[in-house]
Amino acid sequence: MSKKLLLEHAGVEGIRYYDAYRKNGGYASVEKAFKEMTPEAVVEEVKKSGLRGRGGAGFPTGLKWSFIAKPEGVPRHLVCNADESEPGTFKDRYLMEFIPHLLIEGLIVSSFALGSNATYIYIRGEYAWIPDILEQAIAEAKANGFLGKNILGSGFDCEIYVHRGAGAYICGEETALIESLEGKRGNPRIKPPFPAIKGAWDRPTVVNNVETLAAIVPVINMGGEAYSKIGVGRSTGTKLISACGNINKPGVYEIDMTISVEEFIFSDEYCGGMANGKKLKACIPGGSSVPILPANLLLKTAKGETRYMNYESLSDGGFATGSMMGSGGFVVLDEDQCVVKHTYTLARFYRHESCGQCSPCREGTGWMEKILKNIDTGKGKMSDIDLLWDIQGKIEGNTICPLGDAAAWPVAAAIRHFRDEFEWHVLNPEECLRRNYGLAHYADPREVAV
């Protein structure tokens, strides 16, 4: 049974409200930080913990915090990225909906560490019912002296504001989020300057994901050193995984990153195996923007070693034979799923969500969508497959923000690992409308040339 740090009290009745949360050890990290530590000491503990950003990039949190500029007399801001619009990812929603005080507690400690007197939660527009839950938790925390003026007699003031987004995927990118927070169109900014120097309202700003900020609570409670001993290597602590697709038990799971992918999919403690007795064909392990892996590369690396549910193991082999942990959106596909159709669906999504600022992304995403639609509906040509490969290569790395990469990687990985399925669609234009390509060889053990 893996250790639970964030979801330990998830099943406690009334945990959404202050009284039950406090009774179960809530706000202890605020008391410890404000009464026994300096802001610098809190940053140091987060560095020691090895906590990495849980929003997708996996950048060390303590290191990111240490970059914030501290010019005299200029306010600083902490912004919580609760936009969570990556398809396949829903773990932040779970935290905010069922254990909102955990996020608020993490925000208070983080605001203290960063010197942010005005902290913001930027929440995805489609999460229409959650801002009310967060507002209630903020009001309860304030009523009990954990927010507002002179918190716990420390002399530190802090207010938390909830800002509703308008439903744009691009606002999950931190500079686009900041633009939107300021009341402008959510277009990504050119960096540098980075938000740590010039962020919201040109003030030093740190943007962190919901799960990252919630994880600050156990880091401070148990100490950075103890936290770093959970997990393996640079994948420290626990990670929330949003598991969905063709599995028996979809849901949000907290893992300690030492378990194998095979155990996560097939054990009763987690996903409970494939639904309807089907075979595993493929999986997108970290949200829609990370490369898809066929079954034979998902359970074992190209070297034939067991693949584990952590940052290093999932990326073993680079994009040629590996993927990424990303945001932990774990989408499992069975033998009946059509990779061409799934890739087209994702391409349509990224075309729709592109802000249009950069030509490669604005033009390329629409072009890829059209070609994939043709292949999916039996109107494709063999040359289309190479054309797709060429287009995605010209988008990747050539845009202001990572949306271009996010649109290119799924297409590249689908062609890399499932090219025969694309070819079958081209060669069987009528049959591909009636049935899918089937499992083919994707679950076979991978033969690696010695």
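Here are the numbers:
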{"item": "Computed over the range 195-257: relative contact order in percent, which uses C-alpha pairs under 8 Å that are six or more apart", "result": "19 percent"}
{"item": "Residues K4 and T306, FRET efficiency given R0 of 30 Å [Cβ-Cβ distance, rounded to 0.05]", "result": "0.80"}
{"item": "Pair-distance profile P(r), taking every C-alpha pair of the range 206-310, with 5 angstrom steps and integer %", "result": "2, 11, 18, 23, 19, 13, 9, 4, 1, 0"}
{"item": "Amide N proximity, the range 238-261 versus F98 label position 7 Å along Cα-to-Cβ, cut-off under 20 Å", "result": "238-257"}
{"item": "Over the chain: helical MRE at 222 nm, DSSP H runs n ≥ 4 each giving -39500 (n - 2.57), nearest 500", "result": "-12500 deg cm²/dmol"}
{"item": "Nearby lysines by direct alpha-carbon distance to K198 (threshold 20 angstrom, same-chain neighbours under 8 apart not counted)", "result": "K64, K70, K184"}
{"item": "Cα-based radius of gyration of the range 304-419 once divided by 2.2 N^0.38 Å, which approximates compact folds", "result": "1.09"}
{"item": "FRET E, pair N117, K191, Förster distance 30 Å, beta-carbon r, rounded to 0.05", "result": "0.75"}
{"item": "Within a Gaussian network of the chain (alpha carbon springs, distance under 10 Å), most fluctuating of L439, L403, L293", "result": "L439"}
{"item": "Antiparallel bridge percentage (DSSP; both residues within the chain; nearest 5)", "result": "45 percent"}
{"item": "The chain: most fluctuating residue of D19, D92, D405 per GNM, C-alpha cutoff 10 Å", "result": "D19"}
{"item": "Spin-label model distance (nm) - F59 vs K23, 7 Å beyond Cα toward Cβ", "result": "4.2 nm"}
{"item": "Rounded to 10°, Cα long-axis angle of helix 130-143 versus longest principal axis of the chain", "result": "20 degrees"}
{"item": "Local electrostatic count at S180 - Lys and Arg +1, Asp and Glu -1, tallied over other residues with Cβ under 15 Å", "result": "-3"}
{"item": "Rule-of-thumb Rg ratio for the range 100-161 [Cα; 2.2 N^0.38 Å; N residues]", "result": "1.10"}
{"item": "Cα-based helix-to-principal-axis angle, 100-114 vs the chain, degrees rounded to 10", "result": "70 degrees"}
{"item": "Kirkwood-Stokes translational diffusion coefficient of the range 77-121, alpha-carbon pairs, 20 °C, 1.002 mPa s, µm²/s", "result": "189 µm²/s"}
{"item": "Residue pairs, from the table K3/K303; K341/K381; K142/K239; K3/K32; K48/K300; K191/K239, whose Cα atoms sit over 25 Å apart", "result": "K3/K303; K142/K239; K48/K300; K191/K239"}
{"item": "Selection of GluC sites (Glu not before Pro), the range 247-305, meeting DSSP coil and at most 15 other Cβ within 10 Å", "result": "E269, E305"}
{"item": "Kirkwood Rh (inverse of mean 1/r, distinct Cα pairs), the range 381-450, angstrom", "result": "13.9 Å"}
{"item": "Relative contact order of the range 343-431, pairs being alpha-carbon contacts under 8 Å that are 6 or more residues apart, as %", "result": "34 percent"}
{"item": "Rotationally averaged projected area of the chain (alpha carbon convex hull; nm²)", "result": "21.5 nm²"}
{"item": "Rounded Å value of the spacing that divides the Cα centres of the range 393-430 and the range 135-188", "result": "37 Å"}
{"item": "Residues A166 and E269, FRET efficiency given R0 of 41 Å [Cβ-Cβ distance, rounded to 0.05]", "result": "0.60"}
{"item": "Taking all pairs of distinct alpha-carbon atoms in the range 1-96, Kirkwood radius in angstrom", "result": "16.3 Å"}
{"item": "Local net charge near E335, Cβ-Cβ under 13 Å (Lys/Arg +1, Asp/Glu -1)", "result": "0"}
{"item": "Residue with peak Gaussian network fluctuation, the chain [Cα springs, cutoff 10 Å], from S359, S289, S29", "result": "S359"}
{"item": "Sulfur and carbon atoms: percent of accessible area, the chain [1.4 Å]", "result": "51 percent"}
{"item": "Helix 359-376 vs. the chain, principal-axis angle (Cα, 0 to 90°, nearest 10)", "result": "50 degrees"}
{"item": "Relative contact order (percent, whole number), the range 150-204, Cα cutoff 8 Å, 6+ residue spacing", "result": "22 percent"}
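The values are calculated or read from the model by the stated rules, or taken from the named source; none is laboratory data. Everything numeric here is computed off the predicted structure, so don't read it as measured data. Here the Cβ is made from the backbone with ideal geometry for all residues, glycine too, and neighbour counts use every protein chain on show. Note: areas computed on protein heavy atoms with side chains; ligands, DNA, RNA excluded. Shrake-Rupley method; radii C 1.70, N 1.55, O 1.52, S 1.80 Å.
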